[in-house]
Amino acid sequence: MLTPQPMQEADYLAIRRLSESLGRQAAPELWGAAECQLVIKTSSGELLGWARAHWWEPDDPVAPAGYYLGGIEIIRYHQQRGAARSLSEAMLAWIAQRAPKAWCVVNVQNTASLALARSLGFEEVARAARFGTVVFNGGSGVLLSKNLASLRGYAQEQV
């Protein structure tokens, strides 16, 4: 089992390369210090994936301000092997120390991410072409939330 660990500045180049390999453009050097930023690596130190959770105020009539799972990327050959779940569970524990509810937005076409969110207990709140600054190309987005009451006691014990 691979264990999420805090992201370090030394991980940034590998994160950018992983993101580019997936057709995306992660820029970890621009992320805030008050976020949950995690990586998951092999025992030899190879980056398999990264994730972040953060406070977001989307200025949106539907999506509220709150702590959001802000991104997860896993290297292609390691997808569907539990890394995203491990990262998500660690982020949810981090959010549970700060808030009673977690949020995420997912492109409706990203069936793997939707399935993961639902398996973690997230429930659909709304669908829209955009939430705040997030615009969903080729479809719509799904706003999901998860009540963290069951995690809050556990997370507070871990602090």
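The values are calculated or read from the model by the stated rules, or taken from the named source; none is laboratory data. For clarity, every value in this text was computed on a predicted model and none was experimentally measured. For neighbour counting, all protein chains shown are included, and Cβ atoms are generated from backbone atoms with ideal geometry for every residue, glycine included. The protein model used for the area step is the full one, side chains on, heavy atoms only, and it has no ligands, DNA or RNA in it. Shrake-Rupley method; radii C 1.70, N 1.55, O 1.52, S 1.80 Å.
Some observations on this one:
- Residue list for region 40-51, filter: surrounded by 22 or more Cβ atoms within 10 Å (Cβ to Cβ) and either without any contact (Cβ under 8 Å) to a residue 40 or more places away in the chain or more than 16 Å from the chain's Cα centre (by Cα) (or both): G49
- For A90, the conditions (1) in contact with a helix residue (DSSP H, G or I) (Cβ under 9 Å, 6 or more places away or on another chain); (2) closer than 21 Å to M7 by Cβ all hold with the exception of (1).
- Extreme residue, modelled with the lowest pLDDT, among residues of region 57-83 that are open to solvent by 40 Å² or more (accessible area, probe 1.4 Å) and over 21 Å from A14 (Cα atoms): D59
- Options S113, S86; residue that is open to solvent by less than 20 Å² (accessible area, probe 1.4 Å) and either hydroxyl-bearing (S, T, Y) or more than 21 Å from E20 (Cα to Cα) (or both): S86
- Within region 89-106, the only residue that satisfies the criterion of being assigned to a helix (DSSP H, G or I), small (G, A, S) and open to solvent by less than 10 Å² (accessible area, probe 1.4 Å) is A96.
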